[in-house]
Structures are given as structure tokens and as C-alpha cells.
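Student: My questions all concern the structure below.
The values are calculated or read from the model by the stated rules, or taken from the named source; none is laboratory data. Only a predicted model underlies this, so the values are computations on that prediction, with no experimental measurement involved. Cβ coordinates were reconstructed from backbone atoms using ideal geometry, including for glycine residues, and neighbour counts include every protein chain displayed. These area figures cover heavy atoms from the full protein model, side chains too; ligands, DNA and RNA do not enter into them. Shrake-Rupley method; radii C 1.70, N 1.55, O 1.52, S 1.80 Å.
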Amino acid sequence: KIAIVLPGHSWPETNFYLVLAPDKTGVLLPSAFQTGCMNLQEIQQFLFASQGILRDHVKQLLSTLQPTGDVIDLSVTFNQFPIDLAHISFTSHFSELGFLAWHHMPRMKHLTGTIQWDENHGKLQLMQHRALFSDPDVFDQPIAFDELSGNVYWRVGSDGVRIVDLDSIVAKNQDLALYTQGTLILSPKHSPVADLHAIFTLAEANQVA
């Protein structure tokens, strides 16, 4: 176990290991990494300051999303280097996860759950916990949920089409309750296609623009 001390604060005591393997030219490159706890903001500062670790489009995505929070029991396998999200596999718990708005997704904060990801499919499990959504185009104020739970599965189909299955997504607060499930089809060549079934109960609508 190690303790990482940074100016003004310290990370929780944690452990990690890194596996290096030679490429075709004999250069040692990371092939696997595991750690007990990692802060997303602080590890990004390290990755951005290091040369040759992240591909440019990954840096751009991280700069756009600006993810925050902690990942716990992270296990990563690298299938390509520099790091490309399309060529890694990982599993992790996450706590207090947040990121800025991206495409049609609202800004989110305080997410807790687990994630499994690889090149062809993945699973996101949201656990009951407070969460905050912000979308100025829809709501005058951020929307806080006392409960947000359910599973999101995704897989890659032909021609780069991504299929996202929503399984029993529940979002509740004192003003509303939402239960939804269904499928989203995201194509690089066509507009998204949604087949969703939802039960929506609204107590007060004073925050809807």
C-alpha cells in the first residue's frame, strides 16, 4: 500500500500495480494497470502533463467533459498505446462522478455505481444515491434526484452503430418520479433512433421552461 500526499491534501491509502510488456520493437509499454482508489481530476493533470500517454482525441474528450469524482478498484487492460478508449478494457466502481454537458447529454454530478467497458460492449450500473442534472435548455434550475438507479448496457453493431439498452432506470425526487426502459440506436451516419417506454409522474412543474 502507498500514501500519495499532494499539496494541501492526501489521497486515501491505496495500492496499485502496473504491468509492462514489450512491443514489436522491444519497447516496454503498459499492458495492465490496477489501483484501489484514484481521483479523476488529479490523474488527468498527470496524464495531460505526460507526453505520449493519451491520444489527441482522448485529451479533447476529457477536456470537454472535465470528469470529476473518484474511481475505486479500477482494473484496466491496454490493447493499444497511446491510450485510446476504443482499445481498452476496464472495470471500476465510481463515486461522486460528474461531467459537463456533451452533445445531447446534460451536465451530471454525484453519480455512484459501477462500470464495465471494452471495445465491443459494456455495462453501467447506477446505484441509489443523490444525483444532480443540469440542462439550461430544458430546466431553469438543476434537477436533484434523491434516487437514481438502474442498468445501462451498450454494444457495437455493424458499421459502427452503437446500441444502448436501458433497463429499469428509476429517478425520483419530491417533485417527480420516472421509470423507463428501452433501446437507443446511435449511428455515425444517421439520426438517433429511440424505442423507449416510460412512466412519468409529476407533482410540481415549476422548474420546467
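Student: Counting just the residues of the stretch 74-125 that are of a type in the set (Phe, Trp, Tyr) and closer than 20 Å to residue 142 by Cα, which one comes out surrounded by the most Cβ atoms within 10 Å (Cβ to Cβ)? Working first, answer last.
Tutor: Pass one, the stretch 74-125, residues of a type in the set (Phe, Trp, Tyr): 78, 81, 90, 94, 99, 102, 117.
With closer than 20 Å to residue 142 by Cα added as a condition, the list becomes 99, 102.
Working: 99: 19, 102: 13.
Only one residue tops the list, namely 99.
Student: Does residue 161 count as at pLDDT below 90, in contact with a Lys or Arg (Cβ under 9 Å, 6 or more places away or on another chain), open to solvent by less than 40 Å² (accessible area, probe 1.4 Å) and aliphatic (A, V, I, L, M)?
Tutor: Against the criterion (at pLDDT below 90, in contact with a Lys or Arg (Cβ under 9 Å, 6 or more places away or on another chain), open to solvent by less than 40 Å² (accessible area, probe 1.4 Å) and aliphatic (A, V, I, L, M)), residue 161 qualifies.
Conditions (1) at pLDDT 85 or above; (2) surrounded by 12 or more Cβ atoms within 10 Å (Cβ to Cβ), marked per residue:
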{"position": "24", "(1), (2)": "yes, no"}
{"position": "33", "(1), (2)": "yes, yes"}
{"position": "42", "(1), (2)": "no, yes"}
{"position": "66", "(1), (2)": "yes, yes"}
{"position": "70", "(1), (2)": "yes, yes"}
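Student: Name the residue, out of 138, 156, 152, that is open to solvent by less than 40 Å² (accessible area, probe 1.4 Å) and closer than 22 Å to residue 195 by Cα.
Tutor: On the way: 138 fails: open to solvent by less than 40 Å² (accessible area, probe 1.4 Å); 156 fails: open to solvent by less than 40 Å² (accessible area, probe 1.4 Å).
The conditions single out 152.
Student: If you go through the stretch 186-193 one residue at a time, do you hit one that is surrounded by fewer than 16 Cβ atoms within 10 Å (Cβ to Cβ), assigned to a strand (DSSP E or B) and polar (S, T, N, Q)? Walk me through it before giving the result.
Tutor: Taking the stretch 186-193 and keeping what is surrounded by fewer than 16 Cβ atoms within 10 Å (Cβ to Cβ), we get 187-193.
After this cut, where a residue has to be assigned to a strand (DSSP E or B) as well, the list is 193.
If we keep only those that are polar (S, T, N, Q) too, we end up with none.
No, the stretch 186-193 contains no residue that is surrounded by fewer than 16 Cβ atoms within 10 Å (Cβ to Cβ), assigned to a strand (DSSP E or B) and polar (S, T, N, Q).
Student: How many residues, within the stretch 44-64, are closer than 20 Å to residue 18 by Cα and open to solvent by less than 30 Å² (accessible area, probe 1.4 Å)? Before you say what the answer is, go through the steps one by one.
Tutor: Applying the first criterion (closer than 20 Å to residue 18 by Cα) to the stretch 44-64 yields 44-55.
When the remaining residues are screened for being open to solvent by less than 30 Å² (accessible area, probe 1.4 Å), the result is 44, 50, 54.
Qualifying residue count for the region: 3.
Student: Restricting attention to the stretch 82-109, which residues are assigned to a strand (DSSP E or B) and free of Cβ contacts under 8 Å to residues at least 24 places away in the same chain? I'd like the intermediate steps shown before the answer.
Tutor: Within the stretch 82-109, the first condition is being assigned to a strand (DSSP E or B), and the residues that meet it are 83, 88-99, 102, 105, 107-109.
Within the stretch 82-109, 92, 93, 105 meet the criteria.
Student: Quick test of your reading of the structure: residue 128 fulfils all but one of (1) open to solvent by 70 Å² or more (accessible area, probe 1.4 Å); (2) part of a strand (DSSP E or B). Name the failing condition by number.
Tutor: It fails just one condition, (2).
Student: Shifting gears a bit: Check off (1) assigned to a helix (DSSP H, G or I); (2) under 30 Å from residue 149 (Cα atoms) for residue 48 and give me the number that stays unchecked.
Tutor: Just one mismatch for residue 48, condition (2).
Student: Quick one: in the stretch 64-81, of everything that is free of Cβ contacts under 8 Å to residues at least 40 places away in the same chain and not in a strand (DSSP E or B), which residue is nearest to the chain's Cα centre (by Cα)? Lay out the reasoning, then the answer.
Tutor: Step one: list which residues in the stretch 64-81 are free of Cβ contacts under 8 Å to residues at least 40 places away in the same chain, which gives 64-67, 70-73, 80.
Now restrict to residues that are not in a strand (DSSP E or B): 64-67, 80.
On the way: 64: 13, 65: 10, 66: 11, 67: 8, 80: 20 Å.
For the stretch 64-81, the residue satisfying everything is 67.
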